[in-house]
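Everything below concerns the one structure shown next.
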């Protein structure tokens, strides 16, 4: 018959393994959740990219048309001002000067609009490149995680593409939730067995002891009783 100390040692050993496995599962859960969040953001950006490109193209076209109109209006206003200054009345000159300044301001606004549209285009193109590279990195990371011993036999590896990666991440997340629950239940069972062992050996009321350190506790109690 196994001695209480041997049983306690076995409980501790099993609890240590379960605790290490639980930490590993929690680390995997964090990695899968992070991968899922980044893949979801990248997929949303790439899904909306064509519409964003179309909107920017429309804005660039509208800005170019406004720039052309503003340039023509400025030229006409400058010519009208020159004529008024040459032979117009004082009020005509003032009115032409105001109109010319308004046309200059409108032209500057049009120039700024064209420049802004160009910057937004460059930013969108740069982000598209970065998101594309990120998608490739995420797919590689998903492939690495999919061959982890806790996942490779339970969840089929993701196919190519972010949508397949997101589907894999959802299934992997579900599998890890089940693994976490099973390991937590195992530790609860070991803690209960340790509590019952201590109570049976020491004749104490059942007080939750946990499996960690149970052997040392029993050794101290047994030495005290034999002293």
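Quick note: the coordinates plus some simple rules give every number you see, no bench work behind them. Since this is a predicted model, take the numbers as computed values, not measurements. Counting neighbours? That spans all protein chains shown, and the Cβs are built from the backbone with ideal geometry, glycine included.
Given a Förster distance of 25 angstrom, what is the FRET efficiency for residue 159 paired with residue 121, based on the Cβ-Cβ distance and rounded to 0.05?
For residue 159 and residue 121, the calculated efficiency is 0.15.
So what's the angle, to the nearest 10 degrees on a 0 to 90 scale, between helix 214-226 and the longest Cα principal axis of the chain?
Approximately 30 degrees, to the nearest 10.
Take 7, 177 and order them by how many other Cβ atoms sit within 10 Å, fewest up front.
177, 7
With viscosity set to 1.306 mPa s and temperature to 10 °C, compute the Stokes-Einstein D of the range 45-101, Rh being the Kirkwood radius across alpha carbon pairs; µm²/s, no decimals.
Approximately 115 µm²/s, per Stokes-Einstein.
Starting from 0.36 nm per residue, how many nanometres of slack lie between residue 188 and residue 95 once their C-alpha separation is accounted for? Spell out each step's value before the answer.
Values: separation 93, 0.36 × 93 = 33.48 nm, distance 8.88 nm.
That works out to 24.6 nm of additional length.
Fewest to most neighbouring Cβ within 10 Å: what's the order for 28, 49? Kindly include the intermediate steps, with their values, before the conclusion.
Numbers: 28 20, 49 15.
If I rank by nearby Cβ atoms, fewest first, I get 49, 28.
Relative to the longest principal Cα axis of the chain, at what angle does helix 4-87 sit, 0 to 90 degrees, rounded to 10?
0 degrees
Using only the alpha carbons of the range 127-204, what is the convex hull's orientation-averaged projected area in square nanometres?
7.4 nm²
Limiting things to C-alpha atoms, what are the Rg and the maximum Cα-Cα separation (Dmax) for the range 4-226, in angstroms?
36.4, 125
Determine the calculated [θ] at 222 nm for the chain from helices alone, applying -39500 (n - 2.57) to every DSSP H run no shorter than 4 residues and normalising by the residue count; nearest 500 deg cm²/dmol.
Helix-only estimate at 222 nm: -32000 deg cm²/dmol.
In percent, how large is the relative contact order of the range 4-226, given Cα pairs closer than 8 Å and 6 or more residues apart?
Normalised by residue count, the contact order of the range 4-226 is 35 percent.
Helix 162-202 versus the longest principal axis of the chain: what is the Cα-based angle in degrees, 0 to 90, to the nearest 10?
Tilt relative to the chain: about 30 degrees.
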